[in-house]
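The values are calculated or read from the model by the stated rules, or taken from the named source; none is laboratory data. Everything quoted here is computed from the prediction, not taken from an experiment. Positions of Cβ are backbone-derived with ideal geometry, glycine not excepted, and every protein chain shown enters the neighbour counts. Heads up: the accessible areas ignore ligands, DNA and RNA and are worked out on the full protein's heavy atoms, side chains in. Shrake-Rupley method; radii C 1.70, N 1.55, O 1.52, S 1.80 Å.
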Amino acid sequence: MAVLGRLLRPRTTALYTIRTFCSSYSTSSPPSSSEIAVIPPLPAFGKITDGRNVQWVFLGCPGVGKGTYASRLSKLLGVPHIATGDLVRDELSSKGPLSSQLAEIVNQGKLVSDEIIINLLSQRLEAGEAKGESGFILDGFPRTIRQAEILEGVTNIDLVINLKLREEALLAKCLGRRTCSQCGGNYNVACIDIKADDGNPAMYMPPLLPPANCASKLITRSDDTEEVVKERLRIYNEKSRPVEEFYRMRGKLLEFDLPGGIPESWTKLLQVLNLDDHEDKRSAAA
Ligand SMILES: Nc1ncnc2c1ncn2[C@@H]1O[C@H](COP(=O)(O)OP(=O)(O)O)[C@@H](O)[C@H]1O
């Protein structure tokens with residue numbers, strides 16, 4: 001983490017920083033297919049063997065639920081959940097010098113430049129480092145091959161969890177997202193009920209409704225409109241899908257098909273990560 005914060009820190013300008021990274025790291029060739037590792041059974045969590053906390057990444061299409069599961073795991077493992085989408089929205093609401101430029105990009109469903117996003121992430125990591133944070137779960141970064149190469153060049157990512165959900169559920173889930181403007185709680189009013197056909201199993205994801213005191217304060221993200229979500233899905237396929245292959249080639253990708261709603265999916269995710277016992281201990285200690 002210290003290394004990541006320091007190396008990602010802008011020196012004179014963000015462009016200079018990016019140029020330094022790219023010339024240093026992007027020339028390294030990916031491992032050949034014979035070097036592809038199978039993810040070993042994961043060790044007892046909290047700490048990785050060298051004493052540092054986990055450094056994990058969540059990949060997946062808009063609406064798949066990266067924020068939900070990354071946030072739960074971060075609480076379980078005691079590491080910060082860092083979502084670059086949140087960093088962008090914080091910058092937007094700060095009305096700083098970048099905000100009008102960012103608003104235009106985000107509201108069209110496009111990606112912010114690698115330079116800007118790395119700057120925002122560096123600042124967040126440094127602030128966390130100063131508070132003694134160690135490890136992280138990244139959500140929404142990296143989203144391009146260039147971002148992945150830069151990250152790979154400055155730190156060791158232990159595991160990349162690729163969340164997957166059937167295409168027809170993604171749009172509905174994005175359109176159903178709501179946030180309480182007062183407490184910041186995240187909810188989803190969409191009810192996904194896909195009947196079994198074409199060989200796929202049926203899938204049911206109930207809505208995650210807000211408690212009564214949040215119900216009248218719900219807001220929708222300005223980029224969660226049908227047109228913009230479709231564009232974000234298109235851009236994911238074009239720019240971010242190759243990042244899955246980048247990590248698959250390095251033996252770090254764990255594919256996880258969401259089986260249904262949150263309780264069912266969370267239980268299965270913990271089993272796959274070998275963390276089910278960890279949660280039992282947590283709840284017993286609480
Ligand atoms: N790593 C990134 N690179 C470029 N742009 C990003 C990145 N992370 C977030 N953004 C910008 O912030 C917006 C919102 O991100 P996020 O909340 O992660 O959305 P999503 O629901 O599509 O996963 C994105 O559409 C994009 O404009």
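Computed FRET efficiency, Cβ-Cβ of LYS95 and THR220, R0 25 Å: what is it to the nearest 0.05? Could you put the intermediate results ahead of the total?
Working: r = 21 Å, r/R0 = 0.82.
Efficiency for this residue pair is about 0.75.
Using 0.36 nm times the number of residues separating GLN182 and ALA212, minus their current alpha carbon distance, what extension gain do you get?
On the way: separation 30, 0.36 × 30 = 10.80 nm, distance 1.28 nm.
Going from the current span to full extension adds 9.5 nm.
Under the √(5λ) rule applied to the eigenvalues of the Cα gyration tensor, what semi-axes describe the equivalent ellipsoid of the range 116-166? Give them in Å, descending. It would help to have the intermediate numbers written out before the result.
Working: eigenvalues 85, 39, 26 Å².
Result for the range 116-166: semi-axes of 21, 14, 11 Å.
Note down the magnitude of the dipole of the range 65-113 about its Cα centre, charges +1 on Lys and Arg C-beta and -1 on Asp and Glu C-beta and zero elsewhere, to the nearest 20 debye. If you can, show how the numbers build up before the last one.
Details: 6 positive and 4 negative charges, 43 e Å.
My answer is approximately 200 debye.
Longer than 18 Å from Cα to Cα, which of LYS95/LYS230; LYS110/LYS239; LYS110/LYS230; LYS66/LYS173 are they? Say none if no pair is.
Numbers: LYS95/LYS230 27 Å; LYS110/LYS239 10 Å; LYS110/LYS230 11 Å; LYS66/LYS173 12 Å.
Flagged as over cut-off: LYS95/LYS230.
Can you bin the range 51-154 into rounded, prolate or oblate? Criterion: square roots of the alpha carbon gyration tensor eigenvalues sorted a ≥ b ≥ c, rounded for a/c under 1.5, prolate for a/b above b/c, oblate for the rest. If you can, show how the numbers build up before the last one.
Details: a/c = 1.60, a/b = 1.44, b/c = 1.11.
Here the range 51-154 falls in the prolate category.
Work out how much length GLU245 to ILE194 would gain on full extension: take 0.36 nm times their residue separation and subtract the Cα-Cα distance, in nm to one decimal. Before the final figure, lay out the partial values.
Numbers: separation 51, 0.36 × 51 = 18.36 nm, distance 2.84 nm.
Computed gain between GLU245 and ILE194 is 15.5 nm.
Measuring from centroid to centroid over Cα atoms, what is the spacing of the range 111-165 and the range 234-266 in Å?
Here the two parts' Cα centres lie 16 Å apart.
Where the only charges are on Cβ atoms (+1 Lys, Arg; -1 Asp, Glu), what is the dipole of the range 170-286 about its Cα centre, to the nearest 20 debye?
Numbers: 17 positive and 18 negative charges, 88 e Å.
With Lys and Arg at +1 and Asp and Glu at -1, about 420 debye.
Just check the range 125-239 against the gyration tensor rule for me: Cα atoms, a ≥ b ≥ c as the square roots of the eigenvalues, rounded for a/c under 1.5, and otherwise prolate or oblate depending on whether a/b exceeds b/c. Before the final figure, lay out each step's value.
On the way: a/c = 2.02, a/b = 1.28, b/c = 1.57.
Cα axes put the range 125-239 in the oblate bin.
Give me the percent of the accessible area of the range 134-286 that comes from carbon and sulfur atoms, probe 1.4 Å, all protein chains in place.
Numbers: 3940 of 7470 Å².
Using a 1.4 Å probe with all protein chains present, the range 134-286 comes out at 53 percent carbon and sulfur.
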